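Please read the structure below before turning to the comments.
The values are calculated or read from the model by the stated rules, or taken from the named source; none is laboratory data. What you see is a predicted model; the values in this text were computed from it and never measured. Please note: Cβ atoms are built from the backbone with ideal geometry, for glycine as well, and neighbour counts cover all protein chains shown. Remember, those area values only see protein heavy atoms, side chains included, never the ligands or the DNA or RNA. Shrake-Rupley method; radii C 1.70, N 1.55, O 1.52, S 1.80 Å.
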Amino acid sequence: MSEALRHYLVVDLEATCDDRGAVPREEMEIIEIGAVMVDVEGLDAVDEFQAFVRPSRHPTLTDFCRELTTIQQAEVDAADPFPEVLACFAAWAETYAPYRLASWGDYDRKQFHQDCAHHRLPYPLGKEHMNIKAEFSRALGTKKRFGMAAALRRAGLPLRGTHHRGIDDARNIARLLPLALGRGPATGS
Ligand code: AMP
Ligand code: MG
């Protein structure tokens, strides 16, 4: 029998990218892991994880990527490569097990799998994933899909921090969890 779920691991990843095709989708690599550990009972944030990651395929960030994410070249240059950061992240997450990975849409889960495959690493973050974007629409009784910023507006919550920074996006997504799980309206917290 599996142990009762204790936490949602809300993650938001930033990755190498370009608006002119210099970084094809299948060559994108994680450059920031932002995560908030949320307890399933009260949906309170109990801990956070943030780390930059040094990409290997396209080590120089494009102007587009730097402008979108505000992540600087020096920040990824000084960071550890994916295998080290993933090991550290997975070890941190394990202290809150059993947890379920959760993110806005399916992008982050797929990007984790892509980076694990590239580095020939087993995927360490569990079999389950909650698509908070889909849950949010379901809770609202609509087929319409919302971007994170639109969902915050819809929930009457201000967007805090810098959009497209992993840790700030993860914090904002965690604030949408009560509404997405039908336990809203979201509080102002
Ligand atoms: P987000 O969580 O919305 O900040 O997006 C995660 C990652 O998706 C970003 O770090 C980019 O790699 C990619 N991305 C987001 N928006 C765009 C966009 N408009 N064009 C290209 N890539 C994007
Ligand atoms: Mg983001």
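Within segment 153-169, restricting attention to residues that are closer than 21 Å to Ile33 by Cα and without any contact (Cβ under 8 Å) to a residue 60 or more places away in the chain, the residue that is nearest to ligand 1 (Cβ to nearest atom) is His163.
Residues that are open to solvent by 20 Å² or more (accessible area, probe 1.4 Å), in contact (Cβ under 8 Å) with a residue 40 or more places away in the chain and either among the hydrophobic types (A, V, I, L, M, F, W, C) or more than 26 Å from Glu41 (Cα to Cα) (or both) within segment 77-106 comprise Trp92, Ala97, Trp104, listed in sequence order.
Has segment 116-125 got at least one residue that is surrounded by 20 or more Cβ atoms within 10 Å (Cβ to Cβ) and touching a residue at least 40 places away in the same chain (Cβ under 8 Å)? Yes - at least one qualifying residue is present in segment 116-125. The set of residues in segment 23-42 that are within 16 Å of ligand 1 (Cβ to nearest atom) and either open to solvent by 10 Å² or more (accessible area, probe 1.4 Å) or modelled with pLDDT under 95 (or both) comprises Val23, Pro24, Arg25, Glu26, Glu27, Met28. Being touching a residue at least 60 places away in the same chain (Cβ under 8 Å) and open to solvent by 60 Å² or more (accessible area, probe 1.4 Å) holds for only one residue in Ala45, Ala74, and it is Ala45. Of everything listed in (1) away from ligand 2 (no atom under 16 Å from the Cβ); (2) surrounded by 14 or more Cβ atoms within 10 Å (Cβ to Cβ), the single unmet condition for Arg20 is (2).
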